[in-house]
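Worksheet: one structure, shown below.
Read-outs: derived from the displayed coordinates by stated rules, not from any lab. What you are looking at is a predicted structure, and each value in this text was computed from that prediction instead of being measured. Here Cβ is always computed from backbone atoms with ideal geometry, including for glycine, and neighbour counts include all displayed protein chains.
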Amino acid sequence: MLDINPILLLATFVVFLSLIAVLNSWLYRPLFSYMNKRDEDIKKDLNKIGSNDDEIQALNLKAESIINKAKLDAAALREKVVADAKELAESKLEARRAELASEYAEFEKSLAKSRDELTTDLMSQVPVFKTAIEAKFSQI
């Protein structure tokens with residue numbers, strides 16, 4: 001039936017070992033070195049990402065501080081502009097009040113002058129009215 005041939009067995013064993021040696025040098029070592037290199041690159045990239053996260057956080061904090069400073073500057077500038085506008089409006093209002101007060105004083109003077117003129121005019125016409133009234137009473 002089956003005979004075991006020692007020479008054939010030995011030749012098969014030698015071919016098997018030589019195949020393992022050739023596969024080890026041509027396939028397995030390059031494949032393992034490639035996988036190790038890839039793992040190292042992945043670790044480096046993860047470390048870079050971690051350091052990038054720190055950089056991103058630092059840049060975000062810097063950006064937030066710049067934005068907050070800009071907001072404070074804008075608020076201060078807005079308050080200054082509003083205060084200046086209020087001051088300008090108050091000065092214009094005060095100037096207009098002074099102008100109106102002087103116009104009112106002039107009006108009062110002219111009114112007093114007109115009243116005095118009317119009073120003197122009426123006083124000068126009192127004898128005429130008196131005679132007219134006496135004539136009317138005499139007719140009655």
Per-residue [θ]222 nm for the chain (sum of -39500 (n - 2.57) over DSSP H runs n ≥ 4, rounded to 500): -35000 deg cm²/dmol
Selection from T131, L88, T119, by position along the positive dipole direction of the stretch 81-138 (Cβ): T131
Stretchable slack from K113 to F16, in nm (0.36 nm times residue separation minus alpha-carbon distance): 21.0 nm
Matching label, P(r) over Cα pairs in 10 Å bins from 0, in percent computed from the structure shown, candidates (i) 11, 38, 31, 14, 5, 1; (ii) 12, 44, 35, 9, 0; (iii) 8, 9, 9, 8, 8, 7, 7, 6, 6, 5, 5, 4, 4, 3, 3, 2, 2, 1, 0: (iii)
DSSP-loop chymotrypsin sites (Phe, Trp or Tyr not before Pro) across the stretch 12-83, with at most 15 other Cβ within 10 angstrom: none
Highest-MSF residue in the chain out of A105, A21, A76 [GNM, Cα springs under 10 Å]: A21
